[in-house]
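Since every read-out is calculated from the coordinates, none of them should be taken as a lab result. Fair warning: this is a prediction, and the values are worked out from it, not measured in the lab. Methodologically, a virtual Cβ is constructed for each residue, glycine included, from the backbone with ideal geometry; neighbour enumeration extends over all protein chains shown.
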Amino acid sequence: MQILRETRLEALEKAQKLGADAVLELLEKRGLEGRGGAAFSTARKWKTCKSAPADERFVVCNADEGEPGTFKDKFVMKHNAETMIEGMLICAYVIGAKRCYIYLRGEYEYLRKRLLEQIDDVVKRSGVDVTIEIVRGAGAYVCGERTALVQSIMGYRGNPQYSPPNITTCGLWGKPTVVNNVETLTCAAQAILFDDWDPKIRLFSISGNVTKPDVYELPLGVKMSSIIDIAKPKNKLKAMSFGCFGGIMPVDPEMAVTPDTICVEKCQHGAYSVILIDETNNVVDIAISIASFYAYESCGKCTPCREGTIRILDLLKKVKRGEAVPKDLDTLRELAAHVNDTSLCGLGQSAGNHVLTSLLHFRKDYEAYMKGGAGERAGENPQKRQ
Amino acid sequence: MILMKIKLNGEEIEVDGRKLLLTICEERKIVIPTLCYHASLFPEARCRICLVEMDGKLVTSCSTKPKEGCSIVTNSERVLKARRLNMELMTPKPPSCSKTDDLEVCDIYSQVGLNNTRFPELRNYKPELGAAVVRDNNKCVNCGRCVRVCADIQAVHAIDFSSRGHYEHVAAYSEKHLENVACIRCGQCILNCPVGAISERSHIEEVVAALGNKKKHVVVQTAPSVRVALGELFGMPAGSIVTGKMVAALRRCGFAKVFDVDLGADMTIMEEASELLRRMEKGGPFPMITTCCPGWILMMEFFYPHLFQHMSTCESPHEMLGALTKTYYAKKAGIDPEEIVVVSIMPCTAKKFESTRPELHSKVDYVLTTRELGKLIKMKGIDFASLPDEEFDPALGASTGAAVIFGASGGVMEAALRTAYEFSEKKPLGKIDFEEIRGMQGIKEGKVTLQGKEIRYACAHGGANARKLLENMNQYHFIEMMACPGGCIGGGGQPIYRDPDTLRKRMEATYAADRGMKLRKSHENPIVQQIYKEYLGKPGSELAEKLLHTHYTKRERF
């Protein structure tokens, strides 16, 4: 796998030899884009940070991967953390930072000890005067959003902030800060060192009703059919979901997975996670579990997300209980579109996708529940439903 | 100024690109409803009520600046629907809109055109009843203005958001009761709450009960800043001086005597100016810091207990007057002090807390805020506007211009300097107006020569400014602190205002009232002179120390 290729500090050496500007040019040429979701050009981000006037700059590695169905960063940190750390050192060298942070997801605490050892080792061997500190998140999904993440590192409540000012020019303690994802930083080191590095190759987290859930490396544009072949589903598939953000869609084996095809409305996709759902599920149940996630993880700052997500969850539960009337589905759609349309941050702006898409493609599942309450579904205990 | 052309509701206009969309619309008289927006705070864009369409995208106008050539629509169906739905989500139970409360949210309700709501109320918080401030999270719409005012303007940080998602709510540290954390009870959160979820602890019922009790002699005293703000509650423009009508209304409410806290203010100045001169003789400790403001006293007790020696020991004016009412006046009028009930009308919620301090021996029984007085007058069915002007009761009712300006930031200092100068120099003060410590600037300073020594003085209003001033307090001899922006005229018990110009108008009215007075120095007040002659002896005498001075206690923050 390309992501597992180790750079063994050679990338840093090469970067130091080339000089900061040449590194930025090289990254631009290689076409490295952020792998966290927004697919923003890494070279441009670093350049903006570097050219912002300041006495101090920071590098933050965003290891707060919390989107349901995404576990590629964990994979990278488990198997190739040294290269990621080297990527941070290269970024620090390019923008002129002395202090770096790894914002580690709360649930990944068990990775911390080994990471610390690896940081010590890599920094010592590289001989550069840079400190890397691990800051552990407290389990809030929204802290993966970069403005909230920066707040959290500074010790404040992890709420997304209104931008501009952008983090890249005004981040930690008001100083220019580069926030990059684990995969991005790892790729940065690899892209600098290896001439045959391919920007089209991405990490896919594949999970759901499949026998082989795992992280796979696949090229962009891969057909859904080959993903299904790799994952080996247990039963006939009914739906698929690209993370939670992408909503719930019918399986289309002919679909080529590219940023354009998996984007629903404004959601952004750099993190390729595929959840495959088979016929034993009612899509409303999937929607309920996604809705609970959003209602639980909403930071509570802006109205539509704070109040809208809980109302969506309520209405979905009402559908499942068999108490909903057709008008409720209209309210549901209105709410979902509203939450998407008027929320402040990326979380809220995609918190209605699962409802909009499932209402569009799986209305039958809703109607089945509305007619007879929670019907005879596999794996459900009828007594529990009472 | 960055000029750019934009389209606003189809009309091509040229605007300053550095201005927010909200400001641009306001200047063109387009009303956009706002909730979380506060002119002097950094925009948070959390309520999403001020949405407008910018190039087909919904954006919050309180935080967005225009782009060259962009097209803004403020009244499309999409915009109106989004605003309405946000309001609906925020208030599952519509607020009760009564005319007395005059809540901001009621205006927004009509602006967004919301009639009925579809969603059930899910929240069930326990309302918090404190001695000064009452909070009900069930009414809250999470606009966060209270939180930001408390943190950014007052620098107290008593409240913040707790929990997340739908369960996010305003709470004090570790979900404690506001009474048990470092809250200075300034009530600025009340002034900024658009839905009335925070309010003062009402004592109207207790006062009405006392007024109905035939055995009690109920005396009322009104603070200097009430008279410049009370009129606003009865539809008068900001800055109307309604002293005469206020006294008449209080008499009609059934109070036996109407006294003027201005007299207490003059007493405070007599004591404070003498204390300053005593400190000058002793050579310190400097700076001496005023203690008229109960919010500031709490702030000092919580955050700066090491400053006790700098604090003046003078009680606040209404406590002094309460003490004199229950001793000097009781003796003179031949009334048993036990029968006297003293009610203070204050611009302040912290005074409610102050009156419960054990070391002050309940010299004042109840404190009503200006807003509560407005309610009481309305309850008693008095037509305020048509009342004649009446005078305070002469027993404790004379006042000077020096006392009137206590209401504005810088006023206590100015009044103290007028008296201290004449006490120490034994000659009349040439220029009576200390212009350098007037106005809305956060920190004001100046200097004067007393006994051949240069005395540097400074004033701060608003908690954040107070903290800033304390950082380099050592260069001053005399400091005036007011917890609320603008001083008492902007106190947490004053009528809730929306026009940011209100404070300036109230301040102008205060200084206008001072100019209109015949006596403008505290020591010229005939009743003050009489009280010292007949009862107290001289400022700082043993009896004065016992009645009019106090001490402070260190308070735990958590």
Original post:
What is the order of B:Arg555, B:Arg467, A:Arg105, fewest Cβ neighbours within 10 Å to most?
Top reply: B:Arg555, B:Arg467, A:Arg105
Subject >> Kirkwood Rh, angstrom, segment A:283-385 [1 / mean 1/r, Cα pairs] >> reply: 13.6
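At a threshold of 8 angstrom on Cα-Cα distance, excluding pairs fewer than six apart, so keeping six or more, what relative contact order does segment B:138-222 reach in percent?
Numbers: 81 pairs, mean separation 22.9, N = 85.
Relative contact order, segment B:138-222: 27 percent.
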Original post:
Excluding A:His361 itself, what net charge comes from residues whose Cβ is under 11 Å from its Cβ, given Lys and Arg +1 and Asp and Glu -1?
Top reply: +1
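Going by C-beta contacts inside 10 Å, put A:Leu149, A:Leu26 in order with the fewest on the left.
Exposure proxy ranking, most exposed first: A:Leu26, A:Leu149.
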Original post:
For chain B, the longest stretch holding no GluC sites (Glu not before Pro) located in a DSSP loop with at most 11 other Cβ atoms within 10 Å is which?
Top reply: B:122-555
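With only Lys, Arg, Asp and Glu charged, each at its Cβ (+1 for the first two, -1 for the last two), find how big the charge dipole of the protein assembly as shown is about the Cα centre; round to the nearest 20 debye.
So the dipole magnitude of the protein assembly as shown works out to roughly 640 debye.
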Original post:
With each label point set 7 Å from Cα along the Cα-Cβ vector, what nm distance links B:Gln529 and B:Leu80?
Top reply: 6.9
Original post:
Using the count of nearby Cβ atoms within 10 Å as a rough guide to exposure, how do B:Val228, A:Val215, B:Val207 rank from fewest to most?
Top reply: A:Val215, B:Val207, B:Val228
Subject >> Residue of A:Ile85, A:Ile228, A:Ile290 that the Gaussian network model of chain A assigns the largest fluctuation, springs spanning Cα pairs under 10 Å >> reply: A:Ile228
**OP:** Select from A:Gly106, A:Gly155, A:Gly34 the residue whose mean-square fluctuation is largest in a Gaussian network model of chain A (Cα-Cα springs shorter than 10 Å).
**Re:** A:Gly155
**OP:** Pull up the DSSP beta bridges for segment A:2-193 and report the antiparallel fraction as a percent, rounded to 5.
**Re:** 5
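Taking every pair of Cα atoms in the protein assembly as shown, average 1/r, invert it to obtain the Kirkwood radius, and report Rg/Rh to two decimals.
1.06
Grab the beta carbon distance between B:Leu3 and B:Lys29, set R0 = 30 Å, and tell me the FRET efficiency rounded to 0.05.
After rounding, the FRET efficiency stands at 0.90.
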**OP:** Could you estimate the translational diffusion coefficient of segment A:2-193 from the Stokes-Einstein equation, with Rh from the Kirkwood formula over C-alpha pairs, at 20 °C and 1.002 mPa s, in whole µm²/s?
**Re:** 132
Original post:
So what's the angle, to the nearest 10 degrees on a 0 to 90 scale, between helix A:303-321 and the longest Cα principal axis of chain A?
Top reply: 40
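For B:Lys447 and B:Ser362 in the same chain, what is the full-extension length gain: residue separation times 0.36 nm, less their Cα-Cα distance, in nm?
Computed gain between B:Lys447 and B:Ser362 is 26.8 nm.
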Original post:
At a Förster radius of 25 Å, what calculated FRET efficiency corresponds to the Cβ-Cβ distance of B:Asp55 and B:Glu14, to the nearest 0.05?
Top reply: 0.90
Original post:
Can you give the FRET efficiency for A:Arg99 and A:Arg5, using 1/(1 + (r/R0)^6), R0 = 22 Å, r = Cβ-Cβ distance, to the nearest 0.05?
Top reply: 0.20
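Which entries of A:Lys50/A:Lys175; A:Lys317/A:Lys371; B:Lys427/B:Lys453; A:Lys72/A:Lys200 have Cα-Cα distances beyond 18 Å here?
Values: A:Lys50/A:Lys175 11 Å; A:Lys317/A:Lys371 14 Å; B:Lys427/B:Lys453 16 Å; A:Lys72/A:Lys200 16 Å.
Violating the 18 Å Cα-Cα cut-off are zero pairs.
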Subject >> Helix A:363-372 axis, angle to chain A major axis (alpha carbon atoms, nearest 10°) >> reply: 50
Subject >> Alpha-carbon centroid distance for the pair segment B:136-207 / segment B:219-266, whole angstrom >> reply: 28
Subject >> Under 5 Å, built H, 5+ apart or other chain: amide partners of A:Arg136 >> reply: A:Leu104
Original post:
How would you classify segment B:3-88 from its alpha-carbon gyration tensor, with a ≥ b ≥ c the square roots of the eigenvalues: rounded for a/c under 1.5, else prolate if a/b is greater than b/c, otherwise oblate?
Top reply: oblate
Subject >> segment A:29-84: GluC sites (Glu not before Pro) falling in loop per DSSP and having at most 14 other Cβ within 10 Å >> reply: A:Glu56
**OP:** Quote to one decimal, in nm, the extra length available between B:Asp389 and B:Leu543 on full extension: 0.36 nm per residue of separation minus the C-alpha distance between them.
**Re:** 51.8 nm
Subject >> Near-label residues of segment A:94-129 by backbone N, under 16 Å of a point 7 Å along Cα→Cβ of A:Asp21 >> reply: A:94-96
Subject >> Choice from A:Asp252, A:Asp195, A:Asp278 showing the highest fluctuation, given a GNM over chain A with Cα pairs closer than 10 Å >> reply: A:Asp195
Original post:
Just for the Cα atoms in segment A:201-278, what are the lengths along the principal axes, largest first, rounded to whole Å?
Top reply: 32, 24, 20
**OP:** Can you list which of the trypsin sites (Lys or Arg not before Pro) found in segment A:181-252 are DSSP loop residues with at most 15 other C-beta atoms within 10 Å?
**Re:** A:Lys200, A:Lys234, A:Lys236
**OP:** Give me the percent of DSSP beta bridges within chain B that run antiparallel, rounded to the nearest 5.
**Re:** 55
Original post:
Normalized C-alpha radius of gyration of chain B, against 2.2 N^0.38 Å?
Top reply: 1.02
Original post:
Taking Cα atoms, how many degrees apart are the long axis of helix A:72-95 and the longest axis of chain A, rounded to 10 and kept between 0 and 90?
Top reply: 40
Subject >> Centre separation in Å (Cα based) which lies between segment A:95-168 and segment B:395-462 >> reply: 53
